[in-house]
Amino acid sequence: MSNVQQKVIEIIAEQAVLEVEDVSLDQTLEDLGIDSLGLVESIFSIEEAFDISVPFNANEPEKSVFDISSVAAIVRAVEGLVKEQTT
Amino acid sequence: MKRVVITGAGTINALGHNVADTLAAMAEGRCGIGPLDIRDVDRLSVKIGGQVTGYDERIHFNRQQIALYDRFTQFALLAAGQAIEQSGLEFSGELAARSGVVLGTSGGGLTTQDENYRAVYEEGKNRVHPFVVPKLMNNAAASHVSMQWNLKGPSFTVATACASSNHAMGQAFTMIRSGMATAMVTGGSESMLCFGGVKAWEGLRVMSKDACRPFSATRNGMVQGEGAGVFVFEEMAHAKARGAEILAEVIGFAMTSDAADIVMPSKQGAARAITGAMQDARIDKTSVGYINAHGTGTAANDKTECAAVADAFGAHADDLMISSTKSMHGHLIGGTGAVELLACIMALRDGVIAPTIGYEEDDPECALDVVPNVAREASVDVALSNAFAFGGLNAVLALRKV
């Protein structure tokens with residue numbers, strides 16, 4: 001498991017009030033019971049943890065390059081942003 | 001129960017520094033939103049707002065006043081001055097004792113807080129100006145209005161986020177209606193366009209970076225504004241006895257709480273407030289011709305508001321007009337309902353319906369007549385003004401043509 005994946009899952013697990021082991025990559029935020037406010041808070045935690053800026057407007061989530069369709073998609077998106085913003 | 005009328009109106013906002021200029025801009029569908037001119041704007045990701053431009057506090061206030069008046073207080077004083085002057089009222093003796101001021105604001109003296117936090121945290125100063133507290137307090141505007149015009153009756157400030165000024169005007173209305181007061185200076189004021197004020201909103205990720213496009217399928221969030229709207233509400237018999245010009249009658253008010261979510265709006269809570277205002281006014285829903293929408297331009301508000309209007313009005317929802325002037329002046333948060341009440345007065349008095357500008361594409365979830373982009377002439381007897389706040393607190397006012 002990559003460091004990014006580990007950290008993202010920790011953040012999502014904390015938001016969902018679950019153990020890290022109970023979060024799997026194929027789950028959606030809805031599966032995990034994370035609502036729009038929880039999503040915005042998760043994104044903030046991700047930005048703080050990785051020192052990146054995540055482009056995301058809650059009014060048009062589908063237009064964001066930040067894919068939130070599943071835990072795996074979020075991990076990939078964060079990996080991309082870390083690579084893009086730290087090089 | 002006493003009847004209540006509006007005998008004075010004043011404003012300063014991104015569209016104009018008085019009512020005439022503001023209404024002219026609304027009728028033209030002019031946009032007052034533009035690039036923000038504030039300190040550290042380069043560190044913001046949202047760089048637009050409905051800022052009051054061409055404004056120099058030194059033209060209106062002296063050095064001693066500026067030391068005490070935050071920008072939100074300045075706006076309130078200017079708008080109140082216009083309204084009271086138009087009303088022709090002079091507050092002395094018994095009238096002064098029976099007249100007060102109720103204003104809405106959400107952030108109060110936020111600019112003062114922002115500047116002084118900078119001083120102590122960023123610049124490391126250990127001393128701030130002695131007037132910081134009386135300048136930043138949320139009731140500063142209401143208190144200065146009361147002092148300047150000798151309003152000695154019930155006076156206070158209402159803070160219910162985006163519904164503050166509607167709640168404030170609702171209180172003023174019910175106090176006159178019940179006989180507690182003869183005249184009330186009421187409305188709201190906000191000046192949140194400072195670095196901290198915008199940065200906080202950015203965090204929620206509901207702001208648009210380019211424009212406020214209420215009800216349009218292409219909408220992507222709200223845009224903050226600033227300014228004030230202030231009115232003189234007066235007992236109808238008192239106004240008629242002195243031959244005052246009456247701008248409109250305030251006929252109903254209702255407030256509800258969603259008791260559900262701290263940010264997501266509720267169709268039921270909004271619909272109950274709309275229906276409640278009509279019941280309070282004892283009018284049939286078919287008499288309503290225009291609604292000034294809360295219409296923030298967020299995905300959630302606009303579709304929820306349209307669903308609430310559809311629920312409250314049934315088939316009549318397709319016959320009435322509903323527009324959001326926030327597309328032009330931005331969202332004045334605690335002052336927004338007051339500036340938006342001007343659009344209701346324009347509809348009733350002048351038969352001009354302010355448009356929802358920035359409208360690009362139909363949204364099936366907002367399938368009402370939102371008066372897209374261009375103002376319309378129409379005869380309206382009753383108008384409603386909606387305000388639905390974060391925290392699920394809703395306040396709707398009903399006005400009638402006189």
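The values are calculated or read from the model by the stated rules, or taken from the named source; none is laboratory data. Keep in mind the model is a prediction, meaning the values are calculated, not measured. Glycine also receives a Cβ, built like all others from the backbone with ideal geometry; neighbour counts cover every protein chain displayed. Each accessible area value is taken on the protein alone, full model and side chains, heavy atoms only, with ligands, DNA and RNA left out. Shrake-Rupley method; radii C 1.70, N 1.55, O 1.52, S 1.80 Å.
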- prompt: Since B:Ser379 meets every condition but one in (1) touching a strand residue (DSSP E or B) at 6+ places or on another chain (Cβ under 7 Å); (2) part of a loop (DSSP other than H, G, I, E, B), which condition does it not meet?
  reply: (1)
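Here is a yes/no grid of residues against (1) over 24 Å from B:Ala281 (Cα atoms); (2) without any contact (Cβ under 8 Å) to a residue 12 or more places away in the chain; (3) not assigned by TED's automatic domain parsing to the domain that holds B:Ser257:
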residue	(1), (2), (3)
B:Gly81	yes, no, yes
B:Ser92	yes, no, yes
B:Tyr121	yes, yes, yes
B:Leu136	yes, no, yes
B:Lys152	yes, no, yes
B:Ser155	yes, no, yes
B:His167	no, no, yes
- prompt: Where in chain A are there helices (runs of 4 or more DSSP H), lying fully within it, with 3 or more residues that are within 14 Å of another protein chain (Cβ to nearest Cβ)?
  reply: A:36-50
task: Please enumerate the residues belonging to region B:115-147 that are open to solvent by 90 Å² or more (accessible area, probe 1.4 Å) and among the polar types (S, T, N, Q).
output: B:Asn126
query: Picking from A:Asp26, A:Asp31, A:Asp22, A:Asp67, which residue would you name as being of a type in the set (D, E, K, R), within 9 Å of the chain's Cα centre (by Cα) and open to solvent by 40 Å² or more (accessible area, probe 1.4 Å)?
result: A:Asp67
Among (1) touching an Asp or Glu at 6+ places or on another chain (Cβ under 8 Å); (2) open to solvent by 50 Å² or more (accessible area, probe 1.4 Å) - the single one B:Ser266 does not satisfy: (2)
query: When B:Arg30 is evaluated against the numbered criteria (1) touching a residue at least 12 places away in the same chain (Cβ under 8 Å); (2) open to solvent by 40 Å² or more (accessible area, probe 1.4 Å); (3) farther than 24 Å from B:Ala375 by Cβ, which criterion, by number, is the only one it fails?
result: (3)
field: From B:Asn394, B:Asn386, residue being part of a strand (DSSP E or B), open to solvent by less than 10 Å² (accessible area, probe 1.4 Å), farther than 14 Å from B:Ile291 by Cα and touching a strand residue (DSSP E or B) at 6+ places or on another chain (Cβ under 7 Å)
entry: B:Asn394
query: Would region B:73-96 turn up any residue that is outside any helix (DSSP H, G or I) and within 22 Å of the chain's Cα centre (by Cα)?
result: no
message: B:Asp261 - would you say it is among the charged types (D, E, K, R), out of contact with any helix residue (DSSP H, G or I) (no Cβ under 7 Å at 6 or more places or on another chain) and more than 14 Å from chain A (Cβ to nearest Cβ)?
response: no
- prompt: Among (1) in a helix (DSSP H, G or I); (2) in contact with a Pro (Cβ under 6 Å, 6 or more places away or on another chain), where does B:Gly100 come up short?
  reply: (1)
- line: Filtering region B:220-243 for residues that are within 14 Å of chain A (Cβ to nearest Cβ) and out of contact with any Phe, Trp or Tyr (no Cβ under 9 Å at 6 or more places or on another chain) leaves a count of 3
